[in-house]
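What follows is a short report on a single structure.
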Amino acid sequence: MDTSSTATANTSRWRAFRLRCDRIDRNAERWLLLTFYALIILTIAIEVIRRFLLNYSSSWGEELARFAFIYLAWLAAAAAVRDRAHIRIDVLVNLGGPRMKRLGWWLSDIATLVLAVWALWLSISPILTSINFGSITPGLRVSQAVFLAAVPLGFALVVTRVIQSMLADVRRIRRGEPVFDGQKLFD
């Protein structure tokens, strides 16, 4: 009896852990996007007040907003891939049936995966160069590698989201459901 209650307790802990990880997986990009967006707004507002009311501006404000925007853009790219809300031309795919949609999404996912892995590989070199030479940003006086890391981080998230999308499509196909068409921005 102790074995089954222990197994049940371990199973419920494992399920709770997986639910927490799933929630983080679904919402991490949203919260990070919100954080970077708020940082941009706050920094620009402070800089406008300082510049026009106090006749003084900082050397770090514009730089912080710019780098927050870069992180925001790469995180948004990964979120768009997750939701399949990225820019696409799917007229030909929509003309065909469910098999054509499946094939179209698979080709799109494979092309995105190849591009993202290639870009991830290429984006690591500037970071290593920045670390080797100790380059720092002029305004914030921190390592430039911190900000250059936005590109490989973004592409790593894109790779992760494409793989998740492909696995979800396989699960849907096995259940006999159509593949996820994504969220449309415009009709």
- Query: Taking the stated definitions as given, is Asn94 farther than 21 Å from Gln183 by Cβ and in a helix (DSSP H, G or I)?
  - Reply: no
- Task: Would you mind stating whether Ile110 is closer than 22 Å to Tyr71 by Cβ and aliphatic (A, V, I, L, M)?
- Result: no
- Query: For region 167-187, what are the residues that are surrounded by fewer than 17 Cβ atoms within 10 Å (Cβ to Cβ) and either in contact (Cβ under 8 Å) with a residue 12 or more places away in the chain or of a type in the set (S, T, N, Q) (or both)?
  - Reply: Ala168, Ile173, Pro178, Phe180, Asp181, Gln183, Lys184, Leu185
- Message: under 24 Å from Ala78 (Cβ atoms), free of Cβ contacts under 8 Å to residues at least 24 places away in the same chain and of a type outside the set (Ser, Thr, Tyr): is that true of Ala145 in this structure?
- Response: yes
- Picking from Ala85, Ala149, which residue would you name as being among the small types (Gly, Ala, Ser), surrounded by fewer than 17 Cβ atoms within 10 Å (Cβ to Cβ) and either touching a Leu at 6+ places or on another chain (Cβ under 6 Å) or under 22 Å from Asn27 (Cα atoms) (or both)? Ala85
- Message: Can you go through Arg102, Arg30 and tell me which one is among the charged types (D, E, K, R), within 17 Å of Leu157 (Cβ to Cβ), part of a helix (DSSP H, G or I) and touching a residue at least 24 places away in the same chain (Cβ under 8 Å)?
- Response: Arg30
- Subset of region 49-68 [of a type in the set (Phe, Trp, Tyr) and surrounded by fewer than 16 Cβ atoms within 10 Å (Cβ to Cβ)]: Phe52, Tyr56
- Across (1) modelled with pLDDT under 85; (2) over 30 Å from Pro178 (Cβ atoms), Phe52 clears everything bar (1)
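Conditions (1) in a loop (DSSP other than H, G, I, E, B); (2) closer than 24 Å to Tyr37 by Cβ; (3) within 23 Å of the chain's Cα centre (by Cα), marked per residue:
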| site | (1), (2), (3) |
| --- | --- |
| Ser108 | no, no, yes |
| Thr129 | no, no, no |
| Pro152 | no, yes, yes |
| Val170 | no, no, yes |
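The values are calculated or read from the model by the stated rules, or taken from the named source; none is laboratory data. The model shown is predicted, which means the values in this text are computed figures rather than measured ones. Note that we place each Cβ from the backbone using ideal geometry, even for glycine, and neighbour counts take in every protein chain shown.
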